[in-house]
Amino acid sequence: MNVASITGMWHRLTGGQPDPSRWLVGATAVLALAAVLTRSVWRIVRNAVTIAHEGGHGLVALLSGRRLNGIRLHSDTSGLTVSRGKPHGVGMVLTAAAGYTAPPLLGLAGAALLAAGHITALLWGATALLLVMLVMIRNAYGVLTVVVTGALFLLVSWLTDAQVQAAFAYLVVWFLLVGGARPVTELQRGRRRERGGSSDADQLARLTGTPAALWMLLFYAVALFSLIGGARWLLVR
């Protein structure tokens, strides 16, 4: 690869792309909402939320000084991230809190990139994060899920035109924003059925001595504020 090619790729990555039409932004928002609300579709696309959820656990574990042992993604869209370190303290609390907050916060970050016109940076950044996450996957279904998702991002970013890339990027970001609260709702329903469970909220309650309901409220708040902030970036121009 010569210098000209590298320079061209750099300019493509850091340069801005034209804003898509309002109908495309609105249409992708509607499609994302339909995917979240349609049960049969949600069962499939929820795998993407699980990737973001477990990736959030893993990233914060590393940033807080814990040792990441591995990540597992399951066919029922559940997941498990195992890290080693102190079983208490700030690092453990941040790691446990990162799962349900990661998808909406990633959506918010993606909305900021799209608002700045950095569609290519979003697609390539997502591909890079998935590649890094792949190294830590410890089961076959998890590898398959991450590889398929990463391949989709890669194919869209390299083989499609600007309009398709924009539509895909906006759809992904809207999906993370509008879908951020549904896993929290599912968690709330599950906790009603199983008292004294091992969910993230219950784990955080034990770590901090505060009610699990308080952590549920935090998860909802992050999802709501991310949706409001992301929507403003995407819709207000």
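The values are calculated or read from the model by the stated rules, or taken from the named source; none is laboratory data. Please read all numbers here as calculations on a predicted model, not as lab measurements. Positions of Cβ are backbone-derived with ideal geometry, glycine not excepted, and every protein chain shown enters the neighbour counts. Just the protein is used for accessible areas: all its heavy atoms, side chains included, with ligands, DNA and RNA removed. Shrake-Rupley method; radii C 1.70, N 1.55, O 1.52, S 1.80 Å.
Odds and ends about this structure:
- Test set (1) open to solvent by less than 40 Å² (accessible area, probe 1.4 Å); (2) outside any helix (DSSP H, G or I); (3) of a type in the set (D, E) - E54 fails condition number: (2)
- Segment 160-189, residues that are part of a helix (DSSP H, G or I) and without any contact (Cβ under 8 Å) to a residue 40 or more places away in the chain: V164, T185, E186, Q188, R189
- Pair list, Cβ < 8 Å and 6+ apart or interchain, from segment 126-146 residues that are under 27 Å from L114 (Cβ atoms) to residues that are open to solvent by 40 Å² or more (accessible area, probe 1.4 Å): T127/L154; L134/V143; L134/V147; V146/L134
- Of the residues making up segment 120-141, at least one is at pLDDT below 95, in a helix (DSSP H, G or I) and touching a Lys or Arg at 6+ places or on another chain (Cβ under 7 Å).
- Restricting the first member to segment 49-60 and to residues that are farther than 18 Å from V172 by Cβ, and the second to residues that are open to solvent by less than 10 Å² (accessible area, probe 1.4 Å) and not in a helix (DSSP H, G or I), the beta-carbon pairs closer than 6 Å and six or more apart or on different chains are G58/I71.
- Candidate set from segment 69-103 (those that are assigned to a helix (DSSP H, G or I) and of a type in the set (V, I, T)); member that is nearest to F225 (Cα to Cα): T101
- Qualifying residue in segment 15-36 (condition: in contact with a strand residue (DSSP E or B) (Cβ under 8 Å, 6 or more places away or on another chain), outside any loop (DSSP other than H, G, I, E, B) and at pLDDT 95 or above): no
- Selection from segment 103-151 of residues that are open to solvent by 70 Å² or more (accessible area, probe 1.4 Å), more than 15 Å from the chain's Cα centre (by Cα), of a type outside the set (V, I, T) and under 25 Å from R182 (Cβ atoms): Y141, L144
- Tally, over segment 202-237, of residues that are open to solvent by less than 50 Å² (accessible area, probe 1.4 Å) and without any contact (Cβ under 8 Å) to a residue 40 or more places away in the chain: 6
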